[in-house]
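K.L.:
Before we start, here is the structure in question, set down as structure tokens.
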Amino acid sequence: MSRRSPHVRPELVEGPTVLIRHGRVIDPGRINGPADVLIEHGKITAVGAGLKASDGVAVIDADGKWVLPGFVDLHVHFREPGFEYKETIATGAAAAVAGGFTSVCCMPNTQPVNDNQSVTEFILEKATAAGLAHVFPIGAITKGSEGKALAEFGDLKQAGCVAVSDDGKPVMNAMVMRRALEYARIFDLPVVDHCECTHLSEGGGMHEGQVATEMGLHGIPSASEDVMVARNLALAELTGGRLHLAHLSTAGSVRMVREAKARGINVTAEACPHHFLLTEEAVREFNTHAKMNPPLRSRTDVEAIKAGLKDGTIDVIATDHAPHAAFEKEREFDSAPFGIVGLETAWGLALVLVEEGVLTVEQVVAALTVQPARAFGLAKGTLAVGADADVTIVDPDAHWVVAPEQFKSKGRNTPFAGWKLKGRVVSTLVGGRVVYP
Amino acid sequence: MSLKRKDLLGIQDLSVEEITLFLDTAESFKEVSVRDIKKVPALRGKTVVNLFFEPSTRTRTSFELAAKRLSADVINFAVSASSVSKGETLLDTARNIEAMQADFIVLRHPMAGAPNILAKLLRASVVNAGDGGHEHPTQALLDLYTLREKKRAFKGLRLAIVGDIAHSRVARSNIYALTKMGAEVRVVGPPTMLPLEVERLGVKAFYHLDDGLRGVDVIMMLRLQLERQGIALFPSIREYSKLYCLTPERMKLAAPDALVMHPGPINRGVEIAPEVADSLSSVILDQVTNGVAVRMAVLYLLSGGK
């Protein structure tokens, strides 16, 4: 438990007493309706109607607002150490709380790679100094994420890692993946794979399909994801290991995960807003802000991702927040790096699913809170009495336009610039303290 | 009619009227090339920069001649030898060239979409001289020009494009151009060289050359990129030639007056038999001649010529 506790300055945990009044509290599976939330010493101490404010209590009026558990993002890239020009842990954490995320799990593809205790500790120190969102590091599966020798999962876990992944560099060797799933069982660590057969995707920058054919760009076929999802599910079945599949993008993946779950395989899966809102069409005009990995796929795939979210095949909405400097994206499509930022747009984009009738509000909140927390075993994502007072207050009726120049993130690389969204984060509390705005 | 665009990036977004305007304008420029004094003052005082990130002799020379015959000043900027090796980005290279007050940038680049980036950010007119596997619009225009010269009308014309369709910008630009003009286009090659969903471009795909050639009026052979042999796209040059080389025997499957085209440079005996390349059916050298006139028309029209 202690290792899963908030990585914020100790004095912040001893936060003020706060009463959030008159809001609609949505804590999936627990409550969905008008209620007040009382916070003392950084914990939720009461949720219910008509809570009284005693003297010295800071009152937040949430009339007309929704009061939600702070969002949990299982998939961000904060670039520090090594690529601080793209993002730092401090700017990433600021982006997180601006987007309503109070807990984020950062991928290990930094320089050096987070494959050992000292890098993990460095990340946690930076996160504590920033004092914004809780940052949970994800350790590497293999040393240097080179796909060969396993990293020291025991040390990584002890230092504070909550999962292992070679994200961005798929574990191509099936035996290494098997050993990772087996070995991780000692520590009950989820093994997170970015499913991509790099032989099939080599040289590709976008989905292989009609648009790539028209544009003459090298494609990444859906099969490059599907074959690895199939392999990983088979290995999870073999080993009983705890498998988490990052950013699913294909109809095939959804179909296989659905079948695997029905057979009781220990697997969880995530999807990103861009994969349920955009198709390969967004790449036309060689838009490097529509270049990410896995790529934006076909309409059929988008529909399958939505169906997967709806029926629970996909548990989690994650952002794959991947900031890059402007000059890196202002390049030829083939030489531009993969990835887009996502923390500050995720909530508004996820609500589109409600608008479209795909998910209920409660389901969207669950996919951003309790479900990701459960997938990684984090004591987060709930407003239950006794939980850390990580709270996100949103205005469900606020209309706003995505303006990258206003992002807290250093990254401005988003294909959603100019999108008109409804529903905006107005306030974020971590450990009972207002960290946003 | 005049052209209302700053750049020529591809055929895909051109209208039939615009294509026809390019061809008609080229016709008047072709005459210039056979004069004793091969020069008109249309672009006097303008600067054309040939910015080539890939080795090219034919296309670069053709653009250079076209610009010179229009009295423009021409600079050849061979990039591999200079800035790229120092790590400069495409955009910075181009900004530097524009700062020298270039009016046209003729860009050849190994990556699809490179000219689109420049066009968006620069004042100068950008002419795509081939970008990765995307487009090579002036090649398609000169192919159309040559076809119109020989066959008069495009409607109902049956063509087969043979070779590595997936990686060919020439194929793509020609598919867009020819289908727009009403021709019936077939693509022929091994499945490893046909892009996914190729038929959605409005063409019919064939794996066997004999099937694809039957009854066609025009055969457009693509250059085989020899370095792609091995596991990638085909097992050996030997087997490729056996399956896809245009031989005199196979020519008999096409219409009796069928034309043979090739964007060059040809691999004799690989994709095209020497007897075919040198036969009367071959218009390969006409393509080269017409290339200059077409590129004159492109530069002229983009400069706002009326």
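The values are calculated or read from the model by the stated rules, or taken from the named source; none is laboratory data. What you see is a predicted model; the values in this text were computed from it and never measured. Virtual Cβ from ideal backbone geometry, glycine too; neighbours counted across all protein chains shown.
K.L.:
Residues in the range B:6-20: is at least one within 14 Å of chain A (Cβ to nearest Cβ) and surrounded by fewer than 16 Cβ atoms within 10 Å (Cβ to Cβ)? Steps first, please.
P.N.:
Residues of the range B:6-20 within 14 Å of chain A (Cβ to nearest Cβ): B:7, B:9-13.
If we keep only those that are surrounded by fewer than 16 Cβ atoms within 10 Å (Cβ to Cβ) as well, we get B:13.
Yes, the range B:6-20 contains a residue that is within 14 Å of chain A (Cβ to nearest Cβ) and surrounded by fewer than 16 Cβ atoms within 10 Å (Cβ to Cβ).
K.L.:
Within the range B:255-286, how many residues turn out to be touching a Pro at 6+ places or on another chain (Cβ under 7 Å) and not in a loop (DSSP other than H, G, I, E, B)?
P.N.:
Step one: list which residues in the range B:255-286 are touching a Pro at 6+ places or on another chain (Cβ under 7 Å), which gives B:268, B:273, B:275-276.
Going one step further and asking which of them are not in a loop (DSSP other than H, G, I, E, B), we end up with B:268, B:275-276.
The number of residues fulfilling the criteria is 3.
K.L.:
Do we have A:ALA366 as crowded, with 19+ Cβ neighbours inside 10 Å and farther than 18 Å from A:HIS321 by Cβ here? So that I can check it myself, show each step before the final result.
P.N.:
Working: crowded, with 19+ Cβ neighbours inside 10 Å: yes; farther than 18 Å from A:HIS321 by Cβ: yes.
Here the answer is yes, as A:ALA366 does meet what is asked.
K.L.:
Which fully enclosed strands (runs of 3 or more DSSP E) of the range B:36-123 have 2 or more residues being within 14 Å of chain A (Cβ to nearest Cβ)? Write out each step before concluding.
P.N.:
Values: elements: B:47-52, B:73-78, B:104-109.
Fully inside the range B:36-123 and qualifying: B:104-109.
K.L.:
Find the helices (runs of 4 or more DSSP H) located wholly in the range A:352-420 whose residues include 1 or more that are β-branched (Val, Ile, Thr), touching a strand residue (DSSP E or B) at 6+ places or on another chain (Cβ under 9 Å) and more than 25 Å from A:THR45 (Cβ to Cβ), and list them.
P.N.:
Working: elements: A:352-355, A:361-368, A:370-376.
Once the helices (runs of 4 or more DSSP H) in the range A:352-420 are filtered for at least 1 residues that are β-branched (Val, Ile, Thr), touching a strand residue (DSSP E or B) at 6+ places or on another chain (Cβ under 9 Å) and more than 25 Å from A:THR45 (Cβ to Cβ), what remains is A:352-355, A:361-368.
K.L.:
Let me ask another. Please verify whether the range A:202-212 includes one or more residues that are free of Cβ contacts under 8 Å to residues at least 40 places away in the same chain, more than 10 Å from chain B (Cβ to nearest Cβ), under 17 Å from A:ASP301 (Cβ atoms) and small (Gly, Ala, Ser).
P.N.:
No, the conditions are met nowhere in the range A:202-212.
K.L.:
Condition test on B:ARG108, is it surrounded by 18 or more Cβ atoms within 10 Å (Cβ to Cβ), touching a Phe, Trp or Tyr at 6+ places or on another chain (Cβ under 6 Å) and modelled with pLDDT of 85 or more? Spell out the reasoning first.
P.N.:
Details: surrounded by 18 or more Cβ atoms within 10 Å (Cβ to Cβ): yes; touching a Phe, Trp or Tyr at 6+ places or on another chain (Cβ under 6 Å): yes; modelled with pLDDT of 85 or more: yes.
Considered against the rule, which asks whether it is surrounded by 18 or more Cβ atoms within 10 Å (Cβ to Cβ), touching a Phe, Trp or Tyr at 6+ places or on another chain (Cβ under 6 Å) and modelled with pLDDT of 85 or more, B:ARG108 comes out as yes.
K.L.:
In this structure, does A:GLY70 turn out to be in contact with a strand residue (DSSP E or B) (Cβ under 6 Å, 6 or more places away or on another chain), at pLDDT 90 or above, among the small types (Gly, Ala, Ser) and closer than 30 Å to A:ALA163 by Cβ? Write out each step before concluding.
P.N.:
Values: in contact with a strand residue (DSSP E or B) (Cβ under 6 Å, 6 or more places away or on another chain): yes; at pLDDT 90 or above: yes; among the small types (Gly, Ala, Ser): yes; closer than 30 Å to A:ALA163 by Cβ: yes.
So A:GLY70 fits the description; yes.
K.L.:
If you go through the range B:124-148 one residue at a time, how many are polar (S, T, N, Q) and either part of a strand (DSSP E or B) or more than 25 Å from B:ILE219 (Cβ to Cβ) (or both)?
P.N.:
Pass one, the range B:124-148, residues polar (S, T, N, Q): B:125, B:128, B:138-139, B:146.
Next, from what is left, pick out any that are either part of a strand (DSSP E or B) or more than 25 Å from B:ILE219 (Cβ to Cβ) (or both): B:125, B:128.
Number of matching residues: 2.
K.L.:
I'm trying to understand the selection: among the residues of the range B:231-240, which are surrounded by fewer than 18 Cβ atoms within 10 Å (Cβ to Cβ) and closer than 16 Å to B:HIS208 by Cβ? Show your work before the answer.
P.N.:
If we filter the range B:231-240 for residues that are surrounded by fewer than 18 Cβ atoms within 10 Å (Cβ to Cβ), which is where we start, we get B:231-232, B:235-239.
Residue satisfying the conditions is B:GLU239 alone.
K.L.:
With respect to the numbered conditions (1) without any contact (Cβ under 8 Å) to a residue 60 or more places away in the chain; (2) within 12 Å of chain B (Cβ to nearest Cβ); (3) in contact with a helix residue (DSSP H, G or I) (Cβ under 7 Å, 6 or more places away or on another chain); (4) buried (at least 22 other Cβ atoms within 10 Å of the Cβ), which one is the sole condition not fulfilled by A:SER222?
P.N.:
So the condition that A:SER222 fails would be (1).
K.L.:
Looking at the range A:330-351 only, could you name the residues that are outside any loop (DSSP other than H, G, I, E, B), within 14 Å of chain B (Cβ to nearest Cβ) and buried (at least 19 other Cβ atoms within 10 Å of the Cβ)?
P.N.:
Here is the first cut: in the range A:330-351, the residues outside any loop (DSSP other than H, G, I, E, B) are A:333-335, A:340, A:346-350.
Those still in the list that are within 14 Å of chain B (Cβ to nearest Cβ) too: A:333-335.
Selection gives A:PHE333, A:ASP334.
Quick grid of which residues meet (1) in a helix (DSSP H, G or I); (2) within 26 Å of A:CYS161 (Cα to Cα); (3) over 21 Å from the mean Cα position of the chain (by Cα):
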site	(1), (2), (3)
A:ARG179	yes, yes, yes
A:VAL227	yes, no, yes
A:HIS244	no, yes, no
A:HIS247	no, yes, no
A:ARG255	yes, no, yes
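K.L.:
Of the conditions (1) in contact (Cβ under 8 Å) with a residue 40 or more places away in the chain; (2) under 16 Å from A:HIS247 (Cβ atoms), A:HIS275 satisfies every one except a single condition; which number is it?
P.N.:
The number of the failed condition is (1).
K.L.:
Kindly indicate whether A:ILE89 is of a type in the set (Val, Ile, Thr), more than 19 Å from A:LYS380 (Cα to Cα) and buried (at least 24 other Cβ atoms within 10 Å of the Cβ). Quick ask: steps written out before the conclusion?
P.N.:
On the way: of a type in the set (Val, Ile, Thr): yes; more than 19 Å from A:LYS380 (Cα to Cα): yes; buried (at least 24 other Cβ atoms within 10 Å of the Cβ): yes.
Against the criterion (of a type in the set (Val, Ile, Thr), more than 19 Å from A:LYS380 (Cα to Cα) and buried (at least 24 other Cβ atoms within 10 Å of the Cβ)), A:ILE89 qualifies.
K.L.:
When the range A:32-55 is examined, which residues are found to be closer than 24 Å to A:ALA367 by Cβ, under 24 Å from the mean Cα position of the chain (by Cα) and buried (at least 17 other Cβ atoms within 10 Å of the Cβ)?
P.N.:
Of all residues in the range A:32-55, those closer than 24 Å to A:ALA367 by Cβ come to A:32-35, A:37, A:44, A:47.
Filter once more, keeping what is under 24 Å from the mean Cα position of the chain (by Cα): A:32, A:44.
Correct list: A:ILE44 only.
K.L.:
Tell me which residues, restricted to the range B:125-148, are away from chain A (no Cβ under 14 Å) and either buried (at least 21 other Cβ atoms within 10 Å of the Cβ) or under 15 Å from B:VAL292 (Cα atoms) (or both). Can you show your working first?
P.N.:
Residues of the range B:125-148 away from chain A (no Cβ under 14 Å): B:125, B:127, B:129, B:138, B:141-148.
Across the range B:125-148, the qualifying residues are B:SER125, B:VAL127, B:ALA129, B:THR138, B:LEU141, B:LEU142, B:ASP143, B:LEU144, B:TYR145, B:THR146, B:LEU147.
Yes or no, residue by residue, for (1) among the polar types (S, T, N, Q); (2) more than 22 Å from the chain's Cα centre (by Cα); (3) modelled with pLDDT under 95:
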site	(1), (2), (3)
A:THR268	yes, no, no
A:HIS274	no, no, no
A:ALA290	no, no, no
A:ASN293	yes, no, no
A:THR300	yes, yes, no
A:ILE305	no, no, no
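K.L.:
Here is a further query. Would you list the helices (runs of 4 or more DSSP H) that sit entirely within the range B:182-253 and hold 3 or more residues that are within 14 Å of chain A (Cβ to nearest Cβ)? Steps first, please.
P.N.:
Details: elements: B:209-213, B:237-244, B:248-251.
Where helices (runs of 4 or more DSSP H) fall fully within the range B:182-253, none carries at least 3 residues being within 14 Å of chain A (Cβ to nearest Cβ).
K.L.:
Kindly indicate which of A:GLY100, A:GLY147 is surrounded by fewer than 24 Cβ atoms within 10 Å (Cβ to Cβ) and closer than 26 Å to A:MET292 by Cβ. Before the answer, list the steps.
P.N.:
Details: A:GLY100 fails: surrounded by fewer than 24 Cβ atoms within 10 Å (Cβ to Cβ).
The match here is A:GLY147.
K.L.:
Pick out the one residue from A:GLU182, A:GLU208, A:GLU225, A:GLU214 that is touching a Leu at 6+ places or on another chain (Cβ under 6 Å) and of a type in the set (D, E, K, R). Can you show your working first?
P.N.:
On the way: A:GLU182 fails: touching a Leu at 6+ places or on another chain (Cβ under 6 Å); A:GLU225 fails: touching a Leu at 6+ places or on another chain (Cβ under 6 Å); A:GLU214 fails: touching a Leu at 6+ places or on another chain (Cβ under 6 Å).
From the options A:GLU182, A:GLU208, A:GLU225, A:GLU214, the qualifying one is A:GLU208.
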